[in-house]
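> Just passing along the structure, written as structure tokens.
The values are calculated or read from the model by the stated rules, or taken from the named source; none is laboratory data. No experiment lies behind these values; they were computed from the predicted model shown. FYI the Cβ positions are ideal-geometry reconstructions off the backbone, even for glycines, and counts take in every protein chain you see.
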Amino acid sequence: MSAEPDLVLADVDRDGALAETLAGLGGVTRADVLRGAVLGGATLLAAAATPAAAGAAGSDDAILRFALALEELQAAFYTEVERNRVLHGGAAAQAHIVGAHERAHVAAVRKALGRGAGGTPRFDFGGATEDAERFTRTAVAFEDLAVAAYKGQAPRLRSRELLMALLTIHSVEARHAAWIRRLHGVVPAPAAFDAPRTLDQTERVVDATHFVVTMRSRRRPPFTG
Amino acid sequence: MSPDLRTTRAQALRAALGATGGLAVGGLLVARRPEVARSDDDETDADVLNFALLLERVQVGFYAEALRRAGLKGELRHFAEVAHAHERAHARALVHALGDAAKAAPKLDFGDDTADARRFALSAEKLEDLSVAAYNSCADDLSPIALAEAGKIVSVEARHAAWIRDLRGDVPAPFATEPRHTPERIMATLKGSGYVS
């Protein structure tokens, strides 16, 4: 087993539409991105402790929309690969179970957002769901990214109840990551500590992908808090 | 946003996630913190982080003993070596974070649970799942700084749990969202193992 996968998300992305979708779907404003840039490289510890990061009213919704974008992406990815029937054995079992989890996460976050959740994006995974090897490599990148992104964003939530709820998703994403890494032949737990990613860092990673085609709806929510 | 609306949304998420009872934290560790930081943050953090330290020390001892006597081979041995190194790093980080507030190391007794590979694997799975539940369930009580430290650890525990579950032929991620328990229940499970006297 090698310590790291031979591919990161940046390698499988092609035209950067995912970042745009994250910005639109996630309700991420330029200010959010700039704040992320300011905090870029800082630890989660510093980010969580920064008064500015505690956020203005409505920042919880922005974080939830960001989580929704990641979950929509993953749910669509697993749903599509199952439909394409390219996986067999352990990989098929993983996709079946994890796909159901990601769809449950989408439903839960959508419900929490209510009418502010917006439409469902459409994705084009560029053949990554048509080949078992490409699928697994991409899934490793997605799952590790989800762990880091939740870790970076959950502590910024003002609501303790939302924080606790997102943490119960965060560790499940880590289980998914370990599972798919083992299937891919890389160490399931590559380090003693998992590092967080800021919004900005996450967007930069997904910026390199090209999986998001269109947003069916970009209606603004009737209120933004 | 009004507090009422925020609460409604939070409740909706919790209901959808099936998180029940997890917020009824109290008693054993500390009362649930209000949203505004309290002056006894340090004290609260120390209680929770000492609990985490206890769990990490149990795991360090468990893996060390299993590596000596369980006759582990192949990937199961690799798992034990990796997890052992990680738990040691976690314990060191928690001791560092706690400083003078760190409690003394417990006396450990794993009985026959490290006697052979089969019993080791079953016990490791239980211990890792318990560790994930413990971090998730106690997060509510932590200050942002302590929460950040714990957050870097909990997902690694979840990776360990998934790894050993897969090695045993169990589903690595058995739930869409992690079950949460009260700290009392987690402590009772730990006591029930007999590992800590």
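> Name every residue in region B:94-110 that is part of a helix (DSSP H, G or I) and touching a residue at least 24 places away in the same chain (Cβ under 8 Å), in order of residue number.
Within region B:94-110, B:Leu94, B:Val95, B:Ala97, B:Leu98, B:Ala101 meet the criteria.
> Looking only at region B:96-118, decide whether some residue is touching a Pro at 6+ places or on another chain (Cβ under 8 Å) and surrounded by 22 or more Cβ atoms within 10 Å (Cβ to Cβ).
So in region B:96-118, the residues touching a Pro at 6+ places or on another chain (Cβ under 8 Å) come out as none.
No: zero hits.
> On to the next question. Within the bounds of region A:130-140, is there any residue that is within 14 Å of chain B (Cβ to nearest Cβ) and out of contact with any Leu (no Cβ under 6 Å at 6 or more places or on another chain)?
Looking only at region A:130-140, we keep the residues that are within 14 Å of chain B (Cβ to nearest Cβ), and these are A:139-140.
Next, from what is left, pick out any that are out of contact with any Leu (no Cβ under 6 Å at 6 or more places or on another chain): A:139-140.
Yes, that holds for at least one residue.
> Yes or no: B:Ala91 within 16 Å of B:Leu190 (Cβ to Cβ) and not in a helix (DSSP H, G or I)?
Details: within 16 Å of B:Leu190 (Cβ to Cβ): yes; not in a helix (DSSP H, G or I): no.
So B:Ala91 does not fit the description; no.
> Can B:Asp113 be described as part of a helix (DSSP H, G or I) and either touching a strand residue (DSSP E or B) at 6+ places or on another chain (Cβ under 7 Å) or facing chain A (nearest Cβ under 9 Å) (or both)?
No, not satisfied.
> When you go through (1) surrounded by 16 or more Cβ atoms within 10 Å (Cβ to Cβ); (2) more than 11 Å from the chain's Cα centre (by Cα); (3) modelled with pLDDT of 95 or more one by one for A:Ala112, which number turns out not to apply?
The one condition A:Ala112 does not meet is (3).
> Return only the number of the condition from (1) modelled with pLDDT under 90; (2) part of a helix (DSSP H, G or I) that A:Asp144 does not satisfy.
(1)
> Out of everything in region A:159-180 that is in contact (Cβ under 8 Å) with a residue 24 or more places away in the chain, at the interface with chain B (Cβ under 8 Å from one of its Cβ atoms) and farther than 18 Å from B:Ser137 by Cα, what residue ends up being surrounded by the most Cβ atoms within 10 Å (Cβ to Cβ)?
A:Ala177
> Those residues that are within 9 Å of another protein chain (Cβ to nearest Cβ), in contact (Cβ under 8 Å) with a residue 24 or more places away in the chain and over 21 Å from A:Arg103 (Cα atoms), I need them from region B:147-181; list them, please.
Scanning region B:147-181 gives B:Glu149, B:Ile153, B:Val156, B:Glu157, B:His160, B:Ala161, B:Trp163, B:Arg165, B:Leu167.
> May I pose another question? Quick check on A:Ala95: is it within 16 Å of A:Arg182 (Cα to Cα), more than 13 Å from the chain's Cα centre (by Cα), small (Gly, Ala, Ser) and at pLDDT 95 or above?
Spelling it out, A:Ala95 is indeed within 16 Å of A:Arg182 (Cα to Cα), more than 13 Å from the chain's Cα centre (by Cα), small (Gly, Ala, Ser) and at pLDDT 95 or above.
> Could we say that B:Asp129 is charged (D, E, K, R), buried (at least 17 other Cβ atoms within 10 Å of the Cβ) and either out of contact with any Phe, Trp or Tyr (no Cβ under 9 Å at 6 or more places or on another chain) or more than 27 Å from A:Ala92 (Cβ to Cβ) (or both) here?
Considered against the rule, which asks whether it is charged (D, E, K, R), buried (at least 17 other Cβ atoms within 10 Å of the Cβ) and either out of contact with any Phe, Trp or Tyr (no Cβ under 9 Å at 6 or more places or on another chain) or more than 27 Å from A:Ala92 (Cβ to Cβ) (or both), B:Asp129 comes out as yes.
> At pLDDT 95 or above, within 14 Å of another protein chain (Cβ to nearest Cβ) and within 30 Å of A:Glu161 (Cβ to Cβ): does that describe B:Glu35?
no
> With respect to the numbered conditions (1) modelled with pLDDT under 95; (2) part of a helix (DSSP H, G or I), which one is the sole condition not fulfilled by B:Arg180?
(2)
> Could you list, in sequence order, all residues of region A:85-114 that are within 11 Å of chain B (Cβ to nearest Cβ) and either among the polar types (S, T, N, Q) or out of contact with any helix residue (DSSP H, G or I) (no Cβ under 9 Å at 6 or more places or on another chain) (or both)?
A:Ala93, A:Gln94
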